[in-house]
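The values are calculated or read from the model by the stated rules, or taken from the named source; none is laboratory data. Here the structure is a predicted model, which means the values were calculated and not measured. Glycine gets a Cβ as well: all are built from the backbone with ideal geometry, and neighbour counts include every protein chain shown. The accessibility values were calculated without ligands, DNA or RNA, using every heavy atom of the protein model including side chains. Shrake-Rupley method; radii C 1.70, N 1.55, O 1.52, S 1.80 Å.
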Amino acid sequence: MTTMKGTIRFRDLETGIWLLEAEDGKLYVLAGGDRKLKKNGARISVEGDVDAESPNLAMAGPRFVVKSYTFL
Amino acid sequence: MRTPRLAIAVGAVTLMMLAGCDRKAEEATVSLDRPAIDVSAQADDVAYHLPEVVVVDFEDGTTKEQFDALEKDWGIDLELADEEEGVDSAITVGTFQGDVATLLGTIRQNAKVENAEPLMRFSASFVPNDPAYEKQWNLKMINMPKAWDRVKGKGVVVAVLDTGVAYEDHDDFRQVPDLRGTKFVEGYDFVNKDRHANDDHGHGTHVAGTIAQATNNGEGVAGVAFEAAIMPVKVLDHFGGGTSADIADAIRWAADHGANVINMSLGGGGRSAVMEKAVEYARKKGVVVVCAAGNGGRGIVEYPAAYPGSVAVAAVGPAGSRAPYSSWGKELDIAAPGGDKSQGEEAGIIQNTIDPQDVSHAVYASYQGTSMATPHVAGLAALLFSAGAKNPDQVEKALFASAHPPKGATGWTDQYGHGVIDAEAALQALKKMGAASELNELLPTEVQVAKQEPEVTTSDVTAFSYGAMDWKPFAFGAAMLAFVLLTLGKKERPGYLNVFASPGFLIPLVLTTMGVFFVRWVAPANELTTSFVIPIPDWLNKIIFGRGSLANPLVYSALAPIVLSLLAIKLKGMRHAVGGLAIGFAGILAYTAWAKAPALAWLPFTFLAIPWLVVNAIICLFLARAMLKRETA
């Protein structure tokens with residue numbers, strides 16, 4: 001389990017992808033969580049796991065599988 | 001006495017070799033890796049002009065008698081193009097065998113001729129009637145209308161490994177209207193483990209649409225290979241994520257169930273040996289695997305695109321330059337339109353798909369991504385198969401050779417691979433290759449080029465072949481020895497049987513043709529013993545170039561006997577041994593030419609393999625003859 005702070009980013013790529021721009025500048029493809037997470041530009045603190053193994057259609061970096069989150 | 005015997009011996013060996021060649025020609029059957037493909041679509045190939053037919057327009061009122069008199073000098077039989085109108089217009093056509101340009105030059109010099117030119121055939125390019133086709137800049141960019149004149153993808157199956165496809169009415173899933181009329185073959189849902197690979201996301205349906213959207217149906221938009229069949233395979237869940245295990249399974253499943261092309265608009269994650277093997281498996285089965293390079297906008301090509309067996313696709317926008325999101329890198333193969341919506345919504349790729357909020361509701365969506373670029377290449381691969389390509393090598397060669405590199409570049413770049421695809425040019429490239437590949441197919445399968453299986457040489461002794469004794473190279477060697485002994489005069493001959501009594505001669509002969517053959521009778525097969533039972537040239541090739549490498553033409557030549565015979569000029573004691581080696585080489589080279597000529601490395605043309613072996617066998621014979629000759633002085 002990892003906790004990260006960052007900003008939610010929407011990218012109009014493919015069918016629309018949601019990214020977490022972490023404070024260290026790295027990009028993660030968001031997975032898990034719920035639809036309320038999808039707020040473009042919102043600052044957020046998320047808890048979950050980095051998944052660098054699973055292929056997906058976003059193809060924009062490792063996934064971050066969200067277990068819980070709080071908006072900052 | 002000597003001359004007839006020489007003639008008989010030469011004749012016998014020549015006949016034997018010729019018989020070998022004939023046998024090859026009979027055996028050379030055309031092997032299709034995927035015979036299921038219907039190539040009847042080749043019939044709609046349009047000949048743009050027929051260069052051997054010429055049109056000559058004489059002065060109006062020129063009669064048949066007049067031009068019949070003129071044509072005698074030209075060597076062509078001209079007839080009126082149209083009996084009705086032709087009497088007045090005097091437009092004639094005729095067929096000519098030979099240099100048409102010179103003929104036309106001669107004809108034009110005659111005062112009665114108004115014009116003379118090759119016959120042109122006109123045909124309008126195929127323009128589909130789909131109402132939103134005008135918005136599909138991407139299809140025009142890759143020259144689809146001209147390509148559709150030739151072929152539309154009939155008989156080819158493209159597997160779409162994605163979020164599923166809205167291909168049927170099932171549960172609350174509805175087929176999208178612009179896939180009505182598209183052909184589907186049975187697919188599989190690897191996420192939910194059932195036969196209904198429906199789309200619960202919208203991505204896979206869009207991708208499938210680019211490949212084979214129902215076209216010329218008065219509805220929506222067009223697809224690249226709209227007569228090809230789609231195999232819907234669901235490997236990504238409703239969030240668009242999947243696992244390498246499911247995807248690897250799906251790749252093998254699609255290859256086993258008749259797919260000719262696999263489209264994977266997905267990527268990410270680490271290198272998976274399981275998935276890499278699956279891609280390799282599919283390619284060996286003759287499947288072209290096409291994958292998206294990735295949307296990271298960075299110099300890393302994602303897996304599975306980066307695996308050696310797959311074609312990695314980058315995305316370009318309407319201007320033909322790499323889209324900002326498109327990944328690039330050293331594994332990149334090619335580029336295709338994937339949209340660039342930073343230039344507006346219309347700069348995306350439009351296809352019919354489902355509304356992500358409601359799977360039963362269809363929409364026309366404009367998306368951008370390397371996922372959108374990939375199906376353009378998969379569709380073109382389907383067209384190439386439909387046009388007669390026989391294996392992934394041919395498809396990829398045609399794709400890469402015809403792609404347009406960016407301005408200023410001439411070949412491969414890490415941003416565009418070989419360049420942006422061009423459907424018409426790819427079909428033409430395939431056609432040009434066709435002549436070469438037909439020639440290739442006349443050769444025995446062992447010497448053909450462009451086989452996707454790794455070449456296996458005779459140096460690859462497996463546990464299976466270990467126990468089998470192969471006397472034939474030795475038998476050929478014995479025949480060569482008989483030839484040498486027969487062609488030597490009585491005084492020069494060392495005696496018909498004496499040579500066999502000399503171990504210095506017999507041992508190199510046996511080693512060169514059979515190796516230490518008896519090892520297999522006393523020891524089980526293992527790494528060491530298998531290398532003892534192979535003939536010397538195979539053994540040399542194995543230790544110099546590695547196991548399983550292509551037979552090297554220098555090893556399979558007279559080189560080794562030549563070098564040793566140079567030493568034997570001084571060291572006379574070596575002569576019988578070198579003679580035995582040379583006879584052995586002559587035997588195995590002749591046998592290789594006769595039986596299964598290996599694909600030789602480095603040779604520019606595969607048809608040179610057999611002549612190479614035959615010529616070197618003859619050189620070995622002459623060396624052996626010189627070595628065995630008894631000093632008469």
State the number of residues belonging to the range B:248-277 that are among the aliphatic types (A, V, I, L, M), within 13 Å of another protein chain (Cβ to nearest Cβ) and open to solvent by less than 10 Å² (accessible area, probe 1.4 Å). 6
Applying the selection to the range A:1-14, what residues are within 14 Å of another protein chain (Cβ to nearest Cβ) and crowded, with 20+ Cβ neighbours inside 10 Å? A:Leu13, A:Glu14
Candidate set from the range B:222-239 (those that are touching an Asp or Glu at 6+ places or on another chain (Cβ under 9 Å) and crowded, with 24+ Cβ neighbours inside 10 Å); member that is nearest to the other protein chains (Cβ to nearest Cβ): B:Leu236
Flag for A:Leu30 being within 17 Å of B:His201 (Cβ to Cβ) and in contact with a Phe, Trp or Tyr (Cβ under 9 Å, 6 or more places away or on another chain): yes
If we keep only residues of the range B:312-336 that are β-branched (Val, Ile, Thr) and under 23 Å from the mean Cα position of the chain (by Cα), then the residue farthest from A:Ala58 (Cα to Cα) is B:Ile334
Under 47 Å from the mean Cα position of the chain (by Cα) and under 18 Å from B:Arg575 (Cβ atoms): is that true of B:Leu506 in this structure? yes
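Would you list the helices (runs of 4 or more DSSP H) that sit entirely within the range B:75-150 and hold 1 or more residues that are at pLDDT 85 or above? If you could, list the steps in order and put the result at the bottom.
Values: elements: B:83-89, B:100-108, B:137-141, B:144-150.
Per the criteria, B:100-108, B:137-141, B:144-150.
Just one of B:Asn138, B:Asn143 is within 43 Å of the chain's Cα centre (by Cα) and open to solvent by less than 30 Å² (accessible area, probe 1.4 Å); which is it? Break it down stepwise before answering.
Details: B:Asn143 fails: open to solvent by less than 30 Å² (accessible area, probe 1.4 Å).
On inspection, the qualifying residue turns out to be B:Asn138.
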Quickly run through the range A:33-72 and pick out the residues that are of a type in the set (Gly, Ala, Ser), at the interface with chain B (Cβ under 10 Å from one of its Cβ atoms) and under 14 Å from A:Thr2 (Cα atoms). A:Ala52
Name every residue in the range B:306-336 that is under 30 Å from B:Lys284 (Cβ atoms) and in contact (Cβ under 8 Å) with a residue 60 or more places away in the chain, in order of residue number. B:Val311, B:Ala312, B:Val313, B:Ala314, B:Trp328, B:Gly329, B:Lys330, B:Leu332, B:Asp333, B:Ile334, B:Ala335, B:Ala336
When you go through (1) open to solvent by 20 Å² or more (accessible area, probe 1.4 Å); (2) without any contact (Cβ under 8 Å) to a residue 60 or more places away in the chain; (3) of a type in the set (A, V, I, L, M, F, W, C) one by one for B:Ala387, which number turns out not to apply? (2)
Which numbered condition in (1) out of contact with any Leu (no Cβ under 6 Å at 6 or more places or on another chain); (2) open to solvent by 10 Å² or more (accessible area, probe 1.4 Å) is the only one that B:Tyr325 fails? (1)
Starting from residues that are away from chain B (no Cβ under 14 Å) and among the aliphatic types (A, V, I, L, M), keep the ones in the range A:15-32 and report whichever is nearest to the chain's Cα centre (by Cα). A:Leu20
If a residue must be assigned to a helix (DSSP H, G or I), in contact with a helix residue (DSSP H, G or I) (Cβ under 7 Å, 6 or more places away or on another chain), open to solvent by 10 Å² or more (accessible area, probe 1.4 Å) and at pLDDT 75 or above, how many such residues does the range B:526-541 contain? 3
When the range B:295-327 is checked residue by residue, the ones that are within 12 Å of another protein chain (Cβ to nearest Cβ), among the small types (Gly, Ala, Ser) and in contact with a helix residue (DSSP H, G or I) (Cβ under 6 Å, 6 or more places away or on another chain) are B:Ala315, B:Ser326
Out of B:Thr215, B:Thr182, B:Thr205, which single residue is open to solvent by less than 50 Å² (accessible area, probe 1.4 Å), β-branched (Val, Ile, Thr) and in contact with a Ser or Thr (Cβ under 8 Å, 6 or more places away or on another chain)? B:Thr205
Yes/no for B:Ala245 being surrounded by fewer than 24 Cβ atoms within 10 Å (Cβ to Cβ), over 21 Å from B:Pro392 (Cβ atoms), within 14 Å of another protein chain (Cβ to nearest Cβ) and touching a helix residue (DSSP H, G or I) at 6+ places or on another chain (Cβ under 9 Å): yes
Tell me, which residue of the range B:351-384 that is open to solvent by 10 Å² or more (accessible area, probe 1.4 Å) and closer than 25 Å to B:Val301 by Cα is farthest from the other protein chains (Cβ to nearest Cβ)? B:Ser366
Give the range B:185-200 a look and list any residue that's open to solvent by 10 Å² or more (accessible area, probe 1.4 Å) and either away from chain A (no Cβ under 14 Å) or out of contact with any strand residue (DSSP E or B) (no Cβ under 8 Å at 6 or more places or on another chain) (or both), or say none. B:Val185, B:Glu186, B:Tyr188, B:Asn192, B:Lys193, B:Asp194, B:Arg195, B:His196
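Condition test on B:Asp162, is it away from chain A (no Cβ under 14 Å) and charged (D, E, K, R)?
Numbers: away from chain A (no Cβ under 14 Å): no; charged (D, E, K, R): yes.
In short, no.
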Note on B:Gly489: of the conditions (1) within 30 Å of B:Lys629 (Cβ to Cβ); (2) open to solvent by 40 Å² or more (accessible area, probe 1.4 Å); (3) modelled with pLDDT under 85, unmet is (2)
